[in-house]
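Contents: one structure, followed by commentary.
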2 protein chains.
Amino acid sequence: MTMLEEMGLKAKISAKELSIAGKKKDIALKAIADAIIENSNKIIEANAVDIENGKKRGLTASLLDRLSLSTERIKGIANGVLEVMALQDPIGEVLTGYKRPNGLDITKVRVPLGVIGIIYEARPNVTVDAAVLCLKSGNAVILRGGKEAINSNKALANIMRDAVESVGMSKDCIQLIEDTTRQSSMELMNLTDYLDVLIPRGGAGLIKAVVENSKVPVIETGVGNCHVYVDETADLNMAADIIYNAKTSRPSVCNAIETILINANIAEKALPIIKARLDEKNVELHGCEQTKKILGDNVILATEEDWKKEYLDYKLAVKVVKDIDEAIEHISKYSSGHSECIVTESLSNAAKFTDEIDSAAVYVNASTRFTDGGEFGLGAEIGISTQKIHARGPMGLKELTSTKFIIKGNGQIR
Amino acid sequence: MTMLEEMGLKAKISAKELSIAGKKKDIALKAIADAIIENSNKIIEANAVDIENGKKRGLTASLLDRLSLSTERIKGIANGVLEVMALQDPIGEVLTGYKRPNGLDITKVRVPLGVIGIIYEARPNVTVDAAVLCLKSGNAVILRGGKEAINSNKALANIMRDAVESVGMSKDCIQLIEDTTRQSSMELMNLTDYLDVLIPRGGAGLIKAVVENSKVPVIETGVGNCHVYVDETADLNMAADIIYNAKTSRPSVCNAIETILINANIAEKALPIIKARLDEKNVELHGCEQTKKILGDNVILATEEDWKKEYLDYKLAVKVVKDIDEAIEHISKYSSGHSECIVTESLSNAAKFTDEIDSAAVYVNASTRFTDGGEFGLGAEIGISTQKIHARGPMGLKELTSTKFIIKGNGQIR
C-alpha cells in the first residue's frame, strides 16, 4: 500500500463512523474552534516560517497577504467553525417518501458522500474551512494544500485532529497530505478505491489540471468569466453602479465581471457614464472598435483573447452588441458558466435572458458579486460549481451529500 | 474540426433550442412513436443485417436474442416512447425560492444538463430509450452504440431524426456516431467542450473503461454485486423466497444478487431451506467452509474471487457470518454499492442495516430486484447510478437535469 492508499483506507473507516455520528460532530467542531484559539501562537509561529519562505521565493505582496495569519484572522477562522457548527445537519433528511402499490415503503434519505479530497493552493484558511464543512456533513476529508502554506496547514491540521480525538472520535476524518509535490496530487486523482469526489479550489490552471487528469469524480469550481449586459431599456446609473461594483469591489474573485456588453442603441450615452465610474479605480478598458470610436484612444483595442480572458484585475473588456440576441450569443460562446447579469427595465428581455443564459447564476439588475454561499443564505460554501452535474453554483453542506433509497417490505418479490 | 467536434457543436446548438422547447418536445415524441411503428419493416430489415453479421461472428444465442427486433418488440419500443411522453416535464420546476434580507429574489430552477453522451453495447432498444429520455428532459444526445447493432441503430436514429425534423425542430438533438471503433469512443470521452455528461450503459468492462478514461464527467451505472443477509430473527421461508427471486428471476441483470450471508445461529436450519428453493433452478453454490459443512459436497468451496464476482448467472456465493456486524463488514468490503437486503424480524437490526449499509438501495424484507426506475415509480430510467455524486440508484428524468439560480434585484450591489 502506498502512503496515500493508507490514508484513503483510514479515511474510509473514519467516514463510516462519521456517517452515523449525529450530534457528536458538533461536539468535535466546538473542540476544533476552541483548540484553534488556544493554539493561536503555535499557528502564527508555523505561519511565520511559510511567510519567510515565501519572501525568499519572491512571492508577490498580495500572495503573501493571502498566506499570512494574524491573531485576528485566526479568530475569524475559529468563528467560521462555530458558524458551521450552528448550521442544520443535512444528514438523515428525508427527501421523498411514498408507498408503492405493492406495499413497499420507499424513502430517499440524505447521506454523506463518504471521503472527499480537496486540492487547493496558498490560503491556509481553506484547510480549516474545508475540513469543518466536510466534518459537519459527515464526510472524511483528505486535504492537499499548496507548498507555500505547508507549515501553517500542518499546524492547523494537527490541531484539528487532536481536537477531534479529544472528544473520542477518530482523528482520521481529517488528514493532510504533507508531500506537496506534483506526484502526490496525481496520486490523489487516481485514488478511486477510496475517494468519492475530488474538489479543486484555486486558479484556472489547477482546476483544469484536476478536471483533465482525475479518475475520481470531480466537482469543478470557480473559474468565472462573468458578464454584464446593458440592455436598451436599462437605468444607466444602475448599470454603472452594478458594473463598478462587479468589477472593482474585489477584482481577484471568480464572481467579478470580465466583460460588459452594451446595446448599440444606448452605447453612446451609456459608455461615458460607465467609464466615468470605472475611471475612479483606473480600470483599463479593452474595447471593440465601436467602443473605441465612442470612448476614444485611451481604450485598448480588444482581440479575441479579451473575450476569453479571466483578468482577475482592474481590466474590463467592452463590446457593443446589436441586441439582446447578440449579447446572449456572445455569453453562450465565451462564458465559463458562472454568473451573468442583465440590466434592463424590460420584463420580456429579463425573461429571455434568464431563460436562455445557461450559467450557474443569472441576474436581473444586481451585481454578480452576490454569487456566494453566504450571500445566497446557504450558511457557508465549499466552492462554486461551474459544472452541471451534482451541484451548480455556490455549494453548501447539502452539496456535500449523496442520497440512498431505503425500501421496507414484508416479503415482496418481483 | 473533427467529425465528433462537429457533432458536438451541432448538439450544443440544438440543446439550446431544446432547453426552451416546452410542449414541442411532446409533439416530437409523438412523431417519433408514430414513425417507429410506420417504419417497422425498415427497422426489421436493418436488424436482419445485424443478426446475420452476428451469426457470422459467432455471437451467443442470448446475445443474438438481445440484439433481435421483432414487430412485437418494436411496438414495445414505440409504447415506451409514449410512456415517456406522458411523464411530467421536469424542466422549469422551482426547487427553492426565497427573498434575501437585501431584497434579492432567489430561485433555483431545474434546467437540462445540455448535451449527454451515451455509450452502450448490443441492445438497439437503448438507442430509442436513451434518446427519448434525453429529449423529454430537454437534452441533446450523442449516441455511441456497439458495432453489433450498428445497422439497427442507424435505422432507428434516422427515423427519430426525421420525425423530430418533421415537427419543425432541429434533428441534431439526436445524433448517432456511426464509427464503432475504439477510436470514436475515446474521442467522445475527450469531448469536454461539448458534452456535459457521459453515461455508459453496459457490462462492467465498458463502465470501467469509461470511468477511467473519460475527461467528461461520468455517471457510473449498473455494476451490481448485490447481497442478501439473513438475520438470526428472519422468517426463513420469506428469506428463501426473496433469495430465490433475487437470484433466479433474471440472473443477468444488475439488481440480481450474487452473495448471501447467513447468520451462524440459524445457518443449519436456514441453509437447507434456501438450497431447496435454489435447486429448482439448479443454482450452483460457492460456499464458505461452514456452508460446505452444512450443505455437503455439492457446494463448491468459495475463494476470495467469489465474494468479488458479479456472476450474472445461476451461481451464488454463500457465507456464514457470526452476526450482523460481520455481514455489514463483508458487504462494505465487497459490494459495488448497488442493492443489499436484510431479512429480519428485528426492528433494531433493520435500523442498523439501513443506517450502516452504504449502497444506492438498502432493503428490509424485499427482493433487490425492485431496484428499477419503473418499480420505484420514476416512470422510466436511463440507468442505475452506483456512484455517489449527482444521482444514486435508478435515474429518471430528474436525474438528467441540472439547476440554475435566478436572482432578481433592483440595483443591489455588494
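Considering region B:68-96 alone, what residues qualify as being of a type in the set (Val, Ile, Thr) and part of a helix (DSSP H, G or I)?
Passing the criteria: B:Thr71, B:Ile74, B:Ile77, B:Val81, B:Val84.
What number of residues in region B:362-373 are in contact (Cβ under 8 Å) with a residue 60 or more places away in the chain, of a type outside the set (S, T, N, Q) and at the interface with another protein chain (Cβ under 7 Å from one of its Cβ atoms)?
Total satisfying the criteria: 3.
From B:Ile159, B:Ile150, B:Ile118, which residue is at pLDDT 95 or above and within 24 Å of B:Thr403 (Cα to Cα)?
B:Ile118
Search region B:186-207 for residues being part of a loop (DSSP other than H, G, I, E, B) and at pLDDT 90 or above, and hand back the single one that is surrounded by the fewest Cβ atoms within 10 Å (Cβ to Cβ).
Taking the candidates together, the pick is B:Asp193.
Counting only residues that are touching a residue at least 60 places away in the same chain (Cβ under 8 Å) and β-branched (Val, Ile, Thr), which one in region A:21-58 is surrounded by the most Cβ atoms within 10 Å (Cβ to Cβ)?
It comes out as A:Ile32.
For residues in region A:245-273 being modelled with pLDDT of 95 or more and within 14 Å of chain B (Cβ to nearest Cβ), which is nearest to A:Asp372 (Cα to Cα)?
Step by step, filter region A:245-273, then rank; the result is A:Asn255.
Looking for whichever is more than 20 Å from the chain's Cα centre (by Cα), among the small types (Gly, Ala, Ser) and closer than 30 Å to B:Leu378 by Cα here; the options are A:Gly58, A:Gly22, A:Gly92. Which one fits?
Result of the check over A:Gly58, A:Gly22, A:Gly92: A:Gly92.
Looking only at region A:320-330, how many residues end up being buried (at least 22 other Cβ atoms within 10 Å of the Cβ) and within 12 Å of another protein chain (Cβ to nearest Cβ)?
Looking only at that region, the number is 1.
If A:Ser336 passes every condition in (1) more than 16 Å from A:Ser385 (Cβ to Cβ); (2) at pLDDT below 95 but one, which one does it miss?
(1) is the only condition that A:Ser336 fails.
Among the residues of region B:336-361, write down those that are polar (S, T, N, Q) and either surrounded by fewer than 24 Cβ atoms within 10 Å (Cβ to Cβ) or within 8 Å of another protein chain (Cβ to nearest Cβ) (or both).
B:Ser336, B:Ser346, B:Ser348, B:Asn349, B:Thr354, B:Ser359
Filter region B:173-218 for residues that are hydrophobic (A, V, I, L, M, F, W, C) and within 12 Å of chain A (Cβ to nearest Cβ) and give the result.
Scanning region B:173-218 gives B:Met189, B:Leu195, B:Val197, B:Leu198, B:Ile199, B:Ala209, B:Val210, B:Val211, B:Val216, B:Val218.
Of the residues B:Ser166, B:Ser137, only one is at pLDDT 95 or above, more than 21 Å from the chain's Cα centre (by Cα) and either more than 21 Å from B:Thr2 (Cβ to Cβ) or crowded, with 24+ Cβ neighbours inside 10 Å (or both); which?
Residue meeting the stated conditions: B:Ser166.
I'd like the residue in region B:342-400 that is in contact with a His (Cβ under 9 Å, 6 or more places away or on another chain) and of a type in the set (Ser, Thr, Tyr) and, out of all such residues, is nearest to B:Ser332 (Cα to Cα).
The selected residue is B:Ser359.
I'd like the residue in region A:384-393 that is outside any loop (DSSP other than H, G, I, E, B) and more than 7 Å from chain B (Cβ to nearest Cβ) and, out of all such residues, is surrounded by the most Cβ atoms within 10 Å (Cβ to Cβ).
Only one residue fits best here, namely A:Ile384.
Got at least one residue in region B:227-244 being touching a Cys at 6+ places or on another chain (Cβ under 7 Å), within 10 Å of another protein chain (Cβ to nearest Cβ), assigned to a helix (DSSP H, G or I) and at pLDDT 95 or above?
yes
The values are calculated or read from the model by the stated rules, or taken from the named source; none is laboratory data. Here the structure is a predicted model, which means the values were calculated and not measured. Neighbour counts run over all protein chains shown; Cβ positions are idealised from the backbone, glycine included.
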